Amino acid sequence: MRVLVIGSGGREHALCRSLAADPQVTEVHCAPGNAGIAQVATLHPVTPTDPASVTELAGSLEADLVVIGPEAPLVAGVADAVRQAGIPCFGPSRQAALIEGSKAFAKDVMVAAGVPTGRSHTCVTPEEVAAALDEFGTPYVVKDDGLAAGKGVVVTDDRDEALRHAAACGRVVIEEFLDGPEVSLFALCDGSTAVPLQPAQDHKRAYDGDQGPNTGGMGAYTPLPWAPDDLSEQVMAETVIPTVTELAKRGTPYTGVLYVGLALTSKGPKVIEFNARFGDPETQVVLDRLETPLAGLLLACATGTLDRFGPLSYREGAAVTVVIAAENYPAEPVKGDVIEGLSDPVEDAYVLHSGTALDGDRIVSNGGRVLSVVGTGPDVPAARAAAYEAVERIRMRGAHHRTDIASRGDL
């Protein structure tokens, strides 16, 4: 198989790494990629949100499968164009991708499908925003209705901050706050059938102790020893299957990965958000543990044959990833800083590139989240120790990372 991956972040590096290790795969291509992805795939220049250029590239490579990583190309209709050219594509259509592209659309689908989620109001005017904030009370949860790269949500007790965020976004969804630990579950879908991957937990806040602004994710780990044993089965039955069924009923069958962001509340799992793509950095740890070869699994989703695919298998043990971010992230990050120490090996750890580029023969920062350092081990504490040992060997001016990823006392 020749596989083309669209994107340039840590999620795409994890995808390319797993695809390159698949015996069925003869060639891995990535567009546009980054400095780390270049080590496992052939890079190509492309505008990821341009359906015509992606389709042309896939055709010229004679790709057997196109895997679309980020959300923006999906909402732009890239998957539709690739499929119309007769090339199998892993990723939902433009219409189905509205499950992430519009928080209001996602809430409408959830309500119609009977999915457990928080109450919400879609607001446009300042008066509507104020009324919704009054109704739900603190903590205030204000979400940009459109795409915001994982940073369009403000959860705060400060009413003025909530009002400012709503005003900056324009159209927002205001929700009741859902208590309890958060969990990410990826469900692979082929339009009618869906299977879950192993649950993971992301750490969204920028600083230790879940302090600071929301980010795209500062670290993740899997498995979750504290989660209920039947969590995946419950979420598939109550959330994923009803959602996939509802979308198919609307004439927009869902093909790709449905990311389910959950709060494990005192009344059971409730959906915080849906995304139309693999989460980053959860993908980095979930794919590390997945033993089933990836290419055939994604192709089964793209070709509507997931029901004939066998049960998934996982490697024993755990994986933890720690994100190294650039100075000033999650605001406007500083770019161009030289990264050193990447060639210093640590047993049971490796580095995935998120925002990097080549400057001559040097690797430099080129984004907010620069690296995802993955540690593995027989359990979460061992994997965590390996990840942080590797983090300490990497040097980049202005870099910052959280020191408490996967540090729950009940692990």
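Membrane-span-like helices in the chain (whole DSSP H runs, Cα extent of at least 24 Å along the helix axis, mean Kyte-Doolittle hydropathy of at least 1.0): none found. Taking a Cβ cut-off of under 13 Å around Ala104, the surrounding Lys, Arg, Asp and Glu residues balance to a net charge of -3, with basic ones at +1 and acidic ones at -1.
On the basis of the beta-carbon distance and an R0 of 60 Å, Lys267 and Glu56 show a calculated FRET efficiency of 0.75.
Charge tally around Asp210: other residues with Cβ under 15 Å, Lys/Arg +1 each, Asp/Glu -1 each, net -2. For the stretch 245-300, the Kirkwood estimate of hydrodynamic radius, built from reciprocal distances between every pair of different alpha carbons, is 13.6 Å. Highest mean first, the peptides 326-336, 212-222 sorted by other C-beta atoms within 10 Å per residue fall in the order 212-222, 326-336.
Using a Förster distance of 41 Å, how high is the FRET efficiency between Asp157 and Thr49, based on the Cβ-Cβ distance and rounded to 0.05? Efficiency at R0 = 41 Å is approximately 0.65.
Cβ-Cβ distance of Tyr314 and Asp229, R₀ of 22 Å, FRET efficiency by 1/(1 + (r/R0)^6): the value works out to about 0.90. Calculated translational diffusion coefficient of the stretch 3-93 (20 °C, 1.002 mPa s; Stokes-Einstein with Kirkwood radius over alpha-carbon pairs) equals 171 µm²/s.
Only Lys, Arg, Asp and Glu carry charge here, each on its Cβ (+1 for the first two, -1 for the last two); on that basis the stretch 245-297 has a dipole of about 320 debye about its Cα centre. Ranked from largest, the principal axis spans of the Cα set of the stretch 117-165 equal 28, 23, 19 Å. Using every pair of distinct Cα positions in the stretch 75-132, the Kirkwood expression returns a hydrodynamic radius of 13.5 angstrom. Max-minus-min Cα coordinates of the stretch 162-213 on each principal axis give 42, 31, 18 Å, with the largest extent listed first. Taking 37 °C and 0.692 mPa s as the conditions, I'd like the Stokes-Einstein D for the stretch 87-180 in µm²/s, using the Kirkwood hydrodynamic radius from alpha carbon pairs. Diffusion coefficient, whole number: 236 µm²/s.
Taking Lys and Arg as +1 and Asp and Glu as -1, the other residues whose beta-carbon sits under 14 Å from that of Val3 total -3. Note on Lys270: accessible area approximately 50 square angstrom, rounded to 10, probe 1.4 Å, nucleic acids and ligands left out. Could you name the lysines whose alpha carbon sits less than 20 Å from that of Lys103, not counting residues in the same chain fewer than 8 places away? Within reach: Lys143, Lys151, Lys204, Lys249, Lys270.
The values are calculated or read from the model by the stated rules, or taken from the named source; none is laboratory data. Given the structure is predicted, the values throughout are model-derived calculations rather than measurements. Every residue, glycine as well, gets a Cβ built from its backbone with ideal geometry; the counts of neighbours run over all protein chains shown. Remember, those area values only see protein heavy atoms, side chains included, never the ligands or the DNA or RNA. Shrake-Rupley method; radii C 1.70, N 1.55, O 1.52, S 1.80 Å.
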